[in-house]
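Inspection log for the structure reproduced underneath, given as structure tokens.
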Amino acid sequence: MDELLEIEVKEGILQIIQSEKKYKMLFESNPMPMWMISLENFQIIDVNIAALKHYEYTREEFMALDAKKIRPEEEEARFLQEMRLHIQGVSNRGHWLHRKKNQELIHVEISVYDFESEGKRVRLVLSDDITAKIQTEEKLKRSYDEIRELASHLQDVREEERAWIAREIHDELGQQLTGLKMDFSWISKKLDQEDEFTRERIANSLTLLDSTIMTVRRIASELRPGILDDLGLVPAIEWQAEEFQKRFSIQTRFVTDVSRTSFPAGISIGLFRICQESLTNIARHAHASKIEIALDQEAENLLLSIDDNGKGFQIEKPGDRKTLGILGMKERALMMGGEFKIESRQGRGTSVLVTVPYNIIGI
Ligand SMILES: Nc1ncnc2c1ncn2[C@@H]1O[C@H](COP(=O)(O)OP(=O)(O)OP(=O)(O)O)[C@@H](O)[C@H]1O
Ligand SMILES: [Mg+2]
């Protein structure tokens, strides 16, 4: 070999050694736990300091580990399948459970990189501990479930209270007012023809009593329409549509192909209240001239829709603003085991759609 060539070869070897050193350092002192597995026999062939610290093994112990031993038994089959899957470049291999030396299980997100070293196939494994993140997510989900349960309970309590107050107002107050009215009528008949002033006062009181009785009835049925409990959902929505049309002079049509008269109480109250809140929203915000309410039996679902031809609005993302009406409707639908959708376009009206599967209703 001539001298120049010899120098070039030496420099080349030096560069390889230096770059190997560089990569070794990058591996060794990387804060992310990582190790290398032989793809021939799944033996661990190298491990970095961060992995030793994290899994609490000595280097000798880690190197002696069978790659299967680092995970719970139930994930072994999935692991062997993963080992056979080769993807070019760095690939994310998802969420796994690993076991530390002290037997503590941790959640990790695994990325791998397959390459050849000295003619052998090797896998570099990067392990990102996401246990804290998973625990926070679980905690958040648990507290959300608890809040939902509490909201559902409060909703039930509220409905019971409303029903009770409606009954009290209707039966007690209503009866007492009717009694008063009868007494006043009796007095008015007994009064002297000449006492015109008193007769007029009594006549005024009778008119006032009549309108008070009507108000009491209206308040009671707004709190809890007796028709819902006595005749069921379809007549109740029909009544609601008629009342709404009378009160707000907005053409309100109700169409249905449902012949069933009774639904579980939670379903009829839920759908009735969603309809009520939608109509309130239309009266308050929509400037609509036409409303169509439909209750339909589909193949697998009961479907309630409330469409208006009003001004529509831009549906905001969750958390944008604290409005409770739409949120309440959504929660009610979820509590019934159903789904809630609202669609709206500016100038094109709004549609509220609730779907409840029959298996929830028990049909
Ligand atoms: N049918 C509709 N037509 C036009 N805008 C609507 C309609 N329904 C809802 N909106 C818009 O969506 C917003 C949110 O409705 P949501 O019922 O959640 O709250 P709200 O009616 O303002 O107050 P509340 O919490 O008392 O119900 C309304 O303020 C209104 O701007
Ligand atoms: Mg509202």
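Bear in mind these aren't lab numbers, they're just calculated from the coordinates by the rules spelled out. Keep in mind the model is a prediction, meaning the values are calculated, not measured. Counting neighbours? That spans all protein chains shown, and the Cβs are built from the backbone with ideal geometry, glycine included.
Quick notes
- The stretch 227-363: C-alpha gyration tensor shape, a/c 1.5 cut-off, then a/b vs b/c: oblate
- Here the stretch 253-363 is assigned +1 on the Cβ of each Lys and Arg and -1 on the Cβ of each Asp and Glu. Its dipole about the Cα centre then comes out at about 460 debye.
- Of L304, L97, L271, the residue with the greatest mean-square motion in the GNM of the chain, using alpha carbon springs below 10 Å, is L97.
- The stretch 158-230: relative contact order in percent, alpha carbon pairs under 8 Å with at least 6 residues between: 55 percent
- Calculated [222 nm] ellipticity per residue, helices only, for the chain: -16500 deg cm²/dmol; basis is -39500 (n - 2.57) per DSSP H run with n ≥ 4, divided by all residues, nearest 500.
- Exceedance of the 27 Å cut-off in Cα-Cα distance is limited, within the set K69/K141; K68/K120; K22/K69; K68/K141; K24/K120; K21/K68, to K69/K141; K22/K69; K68/K141; K21/K68.
- Sorted on the mean count of surrounding Cβ atoms within 10 Å across their residues, most packed first, peptides 104-112, 130-138 read 104-112, 130-138.
- The HN-Hα couplings worked out from phi for the stretch 343-358 by the Karplus form 6.51 cos²θ - 1.76 cosθ + 1.60 (θ = phi - 60°) are 10, 8, 9, 4, x, 10, x, 10, 10, 10, 9, 10, 10, 10, x, 4 Hz, whole numbers, x standing for Gly and Pro.
- For Q251, the residues whose amide H sits under 5 Å from its own are I291, ignoring neighbours fewer than 5 places away on the same chain, with H placed 1.01 Å from N.
- Under a Gaussian network description of the chain, with springs only between Cα atoms under 10 Å, the residue in S351, S185, S262 that fluctuates furthest is S185.
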